[in-house]
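J.: Sharing a structure here in structure tokens format.
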Amino acid sequence: MKLIESESRELQRRANARTERAESARHARLILLLADGLTWAEIRAKLDCSDSFIDRWSKRFTADRLAGLFTRHCGRARYKVTDRFEARVLARTTKHKPADGSTHWSTRKLAAELGDDISHMTVARIWAKHGIKPHRLEGYLASNDPDFETKAADVIGLYLNPPQHAAVFCVDEKTAIQALDRKDPVLPLSPGRAERHGFEYFRHGTLSLYAAFNTKTGEVLGKTATRHTSAEFVAFLNDIVANQPRGKEIHIIADNLSAHKTKLVAVFLDEHPTVHMHFTPTYSSWLNQVELWFAKIERDVIARGVFTSLTDLKRKLMRYIRKYNEQPKPVKWKYFDPTRRITPDSIVTGH
């Protein structure tokens, strides 16, 4: 194949251009290689192309010269999405379910349902624009406590404006912590490979962890117990009192578990007039700051822990608490927008 000087310059320019389409540069390199006398086999190796590619574009160049190297089929034009079509996609997504019984739409299922030669990417762009994520699922639990606002205000008031010279503790139990031991050895973390645990395990029993989170300092008083009873709860309350100066006023924030409201607890409160109980509304564990700390110990110790016995489990839990108390961190509780009130009648709660 012979080239005139102007064709050679233009092909060289296209082959070296960084701002034009990649396919245009590939076509130009093909013609230059043919002009240099390379065989098809050599061209296939250099351009990683097929014989049909060489045949098609060499014939187009022979017939139309440089004009023949332009792609004749650039694909269909992008579908123009109108407001009406967007509304149709959103209505179908939010108000209907797929006919095959699926619980939610995928982009391809919805595109096939709508027809009109709509691509699934068009559906994906509409969903992204409006923040629609059918694959996501979140849970919620609405409080049915008729005194929700009164109790919530009482608890939040202890966080934001605690009584002077008083200690405020968030108290709860993390029950049924399993002492799981693996039958097979743990394969440690290594470059390119995550830590691996064997599927089978021994169960050595369970413990309950009682924790009292000091809202001012962030320190945690912890205690393990084999049983989860009101007597154990009262014993833990005695531990809290014993760890505070004599006569100091103590406020305990707890949930509505039946073990927290027994006669034993009532007797304890009569015997300790400086201790005051504050109960969170029903289904409102998020108001108890100790739940945040329980999530931390679950993530750091329990979830991936290997425990050879109940004693080993207790030892590792208490060691974690001791190390945590060396650098405790209180929760910075803030209420950003008092005008947004959370009530039992709220359908969607705020952040």
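The values are calculated or read from the model by the stated rules, or taken from the named source; none is laboratory data. Only a predicted model underlies this, so the values are computations on that prediction, with no experimental measurement involved. Positions of Cβ are backbone-derived with ideal geometry, glycine not excepted, and every protein chain shown enters the neighbour counts.
J.: Within segment 288-328, how many residues turn out to be of a type in the set (S, T, N, Q) and within 23 Å of ARG196 (Cα to Cα)? Quick ask: steps written out before the conclusion?
T.: Step one: of segment 288-328, the residues of a type in the set (S, T, N, Q) are 288-289, 308-309, 311, 325, 327.
Going one step further and asking which of them are within 23 Å of ARG196 (Cα to Cα), we end up with 308-309.
Qualifying residue count for the region: 2.
J.: Wholly within segment 1-110, which helices (runs of 4 or more DSSP H) include no fewer than the required count, namely at least 2 residues that are touching a Ser or Thr at 6+ places or on another chain (Cβ under 8 Å)?
T.: By residue number, 22-35.
J.: For residues in segment 240-273 being touching a residue at least 24 places away in the same chain (Cβ under 8 Å) and part of a loop (DSSP other than H, G, I, E, B), which is nearest to SER230 (Cα to Cα)?
T.: Checking each candidate, the answer is THR262.
J.: Then there's this: Scan segment 176-224 for residues that are among the β-branched types (Val, Ile, Thr) and under 16 Å from MET318 (Cα atoms) and report the count.
T.: 4
J.: In this structure, is PHE233 crowded, with 18+ Cβ neighbours inside 10 Å, of a type in the set (Phe, Trp, Tyr), in contact (Cβ under 8 Å) with a residue 60 or more places away in the chain and not in a strand (DSSP E or B)?
T.: yes
J.: Can you name the condition, by its number, that GLY305 falls short on among (1) in contact (Cβ under 8 Å) with a residue 40 or more places away in the chain; (2) in a helix (DSSP H, G or I)?
T.: Every condition holds for GLY305 apart from (2).
J.: What about LYS296, is it surrounded by 13 or more Cβ atoms within 10 Å (Cβ to Cβ), modelled with pLDDT of 90 or more, assigned to a helix (DSSP H, G or I) and of a type in the set (Lys, Arg)?
T.: Yes, satisfied.
J.: Moving on. Checking the condition at pLDDT below 90, within 22 Å of THR215 (Cβ to Cβ) and of a type outside the set (Gly, Ala, Ser), which residue from PRO281, PRO338, PRO273, PRO328 passes?
T.: Within the list PRO281, PRO338, PRO273, PRO328, the selection yields PRO338.
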